[in-house]
Amino acid sequence: MTSVLSISNASMRFGDKTLWQDLSLEVQPNEFIAVIGANGSGKSTLLKAILGQEQLTSGSMQLLGKPVHRGCRHVGYIPQHRTATESTPMRARDMLRMGYDFHRFGLPWPSRKAKARVEHILGCVDGFALADKPVGELSGGELQRLRVGQAVIGEPDLILADEPLSALDLAQQKIVAELIDQERREHGAAVIFVTHDVNPILSMVDRVLYLANGQFRIGKPDEVLTSEVLSELYGTPVDVLRNQGRIVVVGTHDNHEHHDHEVWN
Amino acid sequence: MSAIASVDLWGQLFNFSDYDQLIPLVQNSLIAGALLGLVGGLIGLFVMTRDMSFAVHGISELSFAGASFALLAGIDVVAGSIAGSLVAALIIGALGSRAKDRNSIIAVLMPAGLGLGILALSIYEGRAANKFGLLTGQIIAVDAPQLYSLFGICAFILVALAVVWRPLMFASLDPEVAAARGVPTRTLSVVFMLLLGLAVAASVQVVGALLVLSLLVTPAAAALRVTRSPILTPILSVAFALTAVIGGILLALGGGLPISPYVTTISFLIYVVCRLIERLRK
């Protein structure tokens, strides 16, 4: 089976700072990969590189067998939640339509095909009740659900999600995460999911890419998220605690937190 | 006494005698106004979604400077106005990709443009009406060659907008996702600045530099208060702009006053009504 995404010996440096180097990763169809790491560890830069918006310092990246380039039609992108301005002239269904064909030139003529596709996706994301609401009036969870729909409306082979759950409450996090999982299964798409908290997606994740201190570890969650591996990665003693299916990382001294407990360290 | 005075004022503001003979005289202006209403209503929508109202004002001041120098040099005023507009649009587009930077750049450019324009007009020894017209608009100024150039500019803007409508709307409303989808957001923002520059230059000819906002911002702002539909918004915005500019010309016809107070007042009233409708709906 050909990889959806193939990263080989990739490095990213800004001046003296090495975000990651010699990163090699083969992402298979239907695979769910979580990218975890502190702020500034290069998680978002990795996504930008895959989107073709940031050049690798060295190494290469191939998407479906071709070098990555800006604006690949086979990628669906889910951004971090941001509240839309109240007066934004866009309703939920318009946001989906934009994801469907607004990258093309021309006027947005009504199209039966586009409409059918939007209706289908509205069904997938439980969005019929939201369809005609302005996006500025949607809650965080509602908006992110539609973001998932917007990302999959073009039937992508790879879904890139950049902290899509941040700023959502736990219940909404669960709904949105499950929706992403369900959509990738239905479409056979691979997922690269950047997050600072692995817990909401722990049951879905096939592999974890953990970035820290210019280094990284890749593997199954149970292999990477252990006290030994993370202590080695951070170069200081780190405890990984497991409690009722949740993982808490203690002692990383990062600015972010996997869990509130970490703040106290 | 005061009753007579107020009748005089009223007569000056709204005078419809000999109306049937006056209309043909301003036929060109009416056509120009309709074109500008169409362009202004549509461009305004992108001005609003891209949060560039202030840029419109900045560009119009440099457009005024360009037009003033053209008047002084005895060359085509429309050409001067376009040159000023495009210079401003390109500077703002190149230096001000972030809203914060943009506002300060505009605030620096605006008085510089206005100052240069006033300098040119002070030296100019031609008809004073021409001077005043560039700032506040003029009604019967649109002659046939000017109409053709306006028509050309407006047609160009409308065709260009039709071509880039979808990606430009995507980039304006949802820049991050648009960029991820491969929409060339930076190129589009330069293209939009050029179109905006042309639209401002065209509008300066009719409503004047100080009042361009009433055509390029107010109608779209009003439309956005009452609808969020991407189809209804441009339609309403154009309808509002057309009402303001055509209505303004027709009302200004009899009184011999500049056209701009009529256009801006209609435009403003439409906005107020739209806000009231929005308030009532809640």
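The values are calculated or read from the model by the stated rules, or taken from the named source; none is laboratory data. Keep in mind that what you see is a predicted model, and the values were worked out from it rather than measured. Because the Cβ atoms are built from the backbone with ideal geometry, glycine has one as well, and the counts that use them run over all protein chains shown.
The residues listed here are B:210, B:188, B:215, B:173; of these, the one that is farther than 30 Å from residue B:143 by Cα and in contact (Cβ under 8 Å) with a residue 40 or more places away in the chain is B:173.
Of everything in the stretch A:94-104 that's of a type outside the set (Phe, Trp, Tyr) and crowded, with 21+ Cβ neighbours inside 10 Å, which residue is farthest from the other protein chains (Cβ to nearest Cβ)? Applying the filter and picking the extreme gives A:96. Considering the conditions (1) among the aliphatic types (A, V, I, L, M); (2) at pLDDT below 90; (3) in a strand (DSSP E or B), residue A:10 is excluded by exactly one of them, (2). Summed over the stretch A:102-150, residues that are of a type in the set (Val, Ile, Thr), farther than 21 Å from residue A:88 by Cα and in contact (Cβ under 8 Å) with a residue 40 or more places away in the chain total 1.
Going through the stretch B:6-22 one residue at a time, which ones are exposed (fewer than 13 other Cβ atoms within 10 Å of the Cβ) and assigned to a helix (DSSP H, G or I)? First the steps, then the outcome.
Here is the first cut: in the stretch B:6-22, the residues exposed (fewer than 13 other Cβ atoms within 10 Å of the Cβ) are B:6-10, B:12, B:17-21.
Listed by number, the residues that qualify are B:6, B:7, B:8, B:9, B:10, B:12, B:19, B:20, B:21.
Considering only residues in the stretch A:77-93 that are facing chain B (nearest Cβ under 7 Å) and of a type outside the set (S, T, N, Q), the one that is surrounded by the most Cβ atoms within 10 Å (Cβ to Cβ) turns out to be A:89. Residue A:171 falls short on exactly one of the conditions (1) at pLDDT 90 or above; (2) under 18 Å from residue A:182 (Cα atoms); (3) hydrophobic (A, V, I, L, M, F, W, C); (4) surrounded by fewer than 16 Cβ atoms within 10 Å (Cβ to Cβ), and that condition is (1). Step by step: first the residues of the stretch B:167-187, then only those that are surrounded by fewer than 21 Cβ atoms within 10 Å (Cβ to Cβ) and farther than 18 Å from residue B:98 by Cβ, then the one that is nearest to the other protein chains (Cβ to nearest Cβ). Which residue is that? By that ranking, first place goes to B:182.
Which residues, taken from the stretch B:157-166, are at the interface with chain A (Cβ under 7 Å from one of its Cβ atoms) and of a type outside the set (Gly, Ala, Ser)? Break it down stepwise before answering.
So the first thing to find is which residues in the stretch B:157-166 are at the interface with chain A (Cβ under 7 Å from one of its Cβ atoms), and the list is B:162-166.
Scanning the stretch B:157-166 gives B:163, B:164, B:165, B:166.
Residue-wise test of (1) surrounded by fewer than 19 Cβ atoms within 10 Å (Cβ to Cβ); (2) out of contact with any Pro (no Cβ under 8 Å at 6 or more places or on another chain); (3) at pLDDT 90 or above; (4) closer than 25 Å to residue A:17 by Cα.
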position: A:148; (1), (2), (3), (4): no, no, yes, no
position: A:151; (1), (2), (3), (4): no, yes, yes, no
position: A:158; (1), (2), (3), (4): no, yes, yes, no
position: A:165; (1), (2), (3), (4): no, no, yes, no
position: A:226; (1), (2), (3), (4): yes, yes, no, no
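Going through A:102, A:32 one at a time, which residue ends up being assigned by TED's automatic domain parsing to the domain that holds residue A:157, at pLDDT 90 or above and closer than 18 Å to residue B:166 by Cα? Going through A:102, A:32 in turn, the sole match is A:102.
Which is assigned to a helix (DSSP H, G or I), within 14 Å of chain A (Cβ to nearest Cβ) and out of contact with any strand residue (DSSP E or B) (no Cβ under 7 Å at 6 or more places or on another chain), of B:44, B:33, B:58, B:37?
Details: B:33 fails: within 14 Å of chain A (Cβ to nearest Cβ); B:58 fails: within 14 Å of chain A (Cβ to nearest Cβ); B:37 fails: within 14 Å of chain A (Cβ to nearest Cβ).
Step by step, each of B:44, B:33, B:58, B:37 is checked, and only B:44 is assigned to a helix (DSSP H, G or I), within 14 Å of chain A (Cβ to nearest Cβ) and out of contact with any strand residue (DSSP E or B) (no Cβ under 7 Å at 6 or more places or on another chain).
Report, ordered by the first and then the second residue, all pairs with beta carbons closer than 6 Å, sequence separation of six or more or different chains, a first member in the stretch B:229-249 that is away from chain A (no Cβ under 14 Å), and a second member that is surrounded by 21 or more Cβ atoms within 10 Å (Cβ to Cβ) and aromatic (Phe, Trp, Tyr). Qualifying pairs under 6 Å: B:248/B:262. Scanning the stretch A:124-161 for residues that are within 13 Å of residue A:181 (Cα to Cα), hydrophobic (A, V, I, L, M, F, W, C) and more than 13 Å from chain B (Cβ to nearest Cβ) returns A:124, A:125.
Step by step: first the residues of the stretch A:110-119, then only those that are surrounded by fewer than 16 Cβ atoms within 10 Å (Cβ to Cβ) and within 19 Å of residue B:181 (Cβ to Cβ), then the one that is nearest to the other protein chains (Cβ to nearest Cβ). Which residue is that? Let's see the steps before the verdict.
Just the residues of the stretch A:110-119 that are surrounded by fewer than 16 Cβ atoms within 10 Å (Cβ to Cβ), to begin with: A:110-113, A:115-116, A:119.
After this cut, where a residue has to be within 19 Å of residue B:181 (Cβ to Cβ) as well, the list is A:111, A:113.
Details: A:111: 12, A:113: 15 Å.
Taking the candidates together, the pick is A:111.
For the stretch A:126-142, residues that are surrounded by fewer than 22 Cβ atoms within 10 Å (Cβ to Cβ) and under 14 Å from residue A:82 (Cα atoms) total 7. Restricting B:99, B:70, B:128, B:94 to residues that are of a type in the set (Gly, Ala, Ser) and at pLDDT 85 or above narrows the list to B:70.
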